[in-house]
Amino acid sequence: MSKKAYVRAHTNIALIKYWGKRDETDFLPMNSSLSMTLDKLYTDTMVVFDEALPQDSFYLNGEKQGEKETQKISKFLNLFREEKNTAIRARVESINHVPTAAGLASSASAFAALAGAANLALGLDLDPQRLSTFARRGSGSATRSIYGGFVEWDMGTCSDDSFAVPVDDAGWDIGMVIVAVNQKAKEVSSRIGMKRTVETSPFYPAWVESAKRDILDIKAAIAAKDFIRLGEITEANGMKMHGTMLGAEPPFSYWEPDSIVAIKIAQALRKQGIACYVTMDAGPNVKVLCRLSQAETIKQALLEHFTEDKLIITKPGKGIRELTPAERAV
Ligand code: DP6
């Protein structure tokens, strides 16, 4: 039996989005992306490999998962088993720590935590950069959750050099207010949505071109600690990504009426001189990038339309780490 490894990984929100794969088997992206890791939302995962186990098993929030979910985990663990040259099966237990308003559980924190725990359990000793190339093959956005603060996922040229790079610890009055618009299951998953966009949207080539510029511009804004510029680039990049979906065949959108309400509130706050900028992913939730010192004011404005349980304030989070014995709930 291997050691029981316990790892925590935080989720991340892309400011420059990953939208589209050039290789679906290896999860190689069409463009480099850049995210902020979040403190409040994370996954804790325990992995143990054991010769006595007849097959892999996967428990999420205390519940044994079915065949489909377990197969995804097995496929991912195979990457680590291949690296170790073993066929030994594993037991995986994960807990998603997501504040009351659900619908925010993410594949990014899930696969980053699982990668970190599998690495430790098997004693592979992969460095964080290499580990991010493993996390990537569970879910693209998981690549970036290996590190804290602002993180770039360099698209690279092949599987070995498409990895995450820490850019800045984001320790300079940065925060995010998450508006959990609803918890319904998505009609179009991000995986299907990005594929359809790449294959059919005439706007897609323009997205790839402009994402190249955005990534350079946002890194310059981060280096200069220019929050306004950071926010402007973030909001524009997210809007462009959502624009590509309207051009797809058939067209689709993740926006809901309440998403627009949240965006309008943020725009009104901006007119009042509060710097805040929105971004959305493959779902209706709105994330408002702001100065941490103004997050409470922004929350108060959002409370005029949204209930308390739908609003989450978070600061930037840290990279993956092994849990201390006292923290091990799984
Ligand atoms: C819109 O990482 O969920 O959130 O690689 O197919 O698992 P797969 O997709 P996923 O896509 C994330 C898309 C996004 C933008 C982003 O996080 O960069």
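I need the trypsin sites (Lys or Arg not before Pro) found in the range 48-115, filtered to DSSP loop residues with at most 15 other beta carbons within 10 Å of theirs.
none
Keeping to pairs on different chains or 8 or more places apart, tell me how many lysine pairs in the range 1-90 have Cα atoms under 26 Å apart.
Within the range 1-90, the lysine pair count is 23.
How far, in degrees from 0 to 90, does helix 107-121 lean away from the longest principal axis of the Cα atoms of the chain, to the nearest 10?
Relative to the chain, helix 107-121 is tipped by roughly 30 degrees.
Please give the Cα centre distance for the range 16-44 versus the range 261-303, rounded to the nearest Å.
23
On a 1.4 Å probe surface of the protein chains, which of Leu292, Leu38 comes out largest in accessible area, and what is the full order?
Details: Leu292 65, Leu38 0 Å².
These residues rank, largest area first, as Leu292, Leu38.
Compute the acute angle (0 to 90°) between the alpha-carbon long axis of helix 67-84 and the principal axis of greatest extent of the alpha-carbon atoms of the chain; round to the nearest 10°.
Relative to the chain, helix 67-84 is tipped by roughly 70 degrees.
Taking the Cα atoms only, what angle lies between the long axis of helix 227-246 and the longest principal axis of the chain, rounded to 10 degrees?
Once rounded, the angle reads 80 degrees.
Summing Lys, Arg as +1 and Asp, Glu as -1, what charge do residues with Cβ under 15 Å from the Cβ of Leu60 carry, Leu60 excluded?
Once all neighbours under 15 Å are counted, the net charge is -2.
The chain: percent of C-alpha pairs farther apart than 24 Å?
53
If you average the sequence gap of Cα pairs under 8 Å that are 6 or more apart and divide by the length of the chain, what percent do you get for the contact order?
Value for the chain: 24 percent.
As a test question: what accessible area, to the nearest 10 Å², does Thr37 have when a 1.4 Å probe is rolled over all protein chains in place?
It works out to around 0 Å².
Can you sort Glu187, Glu308 by 1.4 Å-probe accessible area, starting with the largest?
Largest accessible area first, the residues go Glu187, Glu308.
Considering only protein heavy atoms and a probe of 1.4 Å, how much of the accessible area of the chain is carbon and sulfur, as a whole percent?
Within the chain, the accessible surface is 52 percent carbon and sulfur.
Using the heavy atoms of the protein chains alone and a 1.4 angstrom probe, what is the accessible area of the chain per residue in square angstrom?
Per-residue accessible area for the chain comes out at 43 Å².
The values are calculated or read from the model by the stated rules, or taken from the named source; none is laboratory data. Values in this document were obtained by computation on a predicted structure and should not be read as measured data. Positions of Cβ are backbone-derived with ideal geometry, glycine not excepted, and every protein chain shown enters the neighbour counts. Heavy atoms of the whole protein, side chains included, go into the accessibility calculation; ligands, DNA and RNA do not. Shrake-Rupley method; radii C 1.70, N 1.55, O 1.52, S 1.80 Å.
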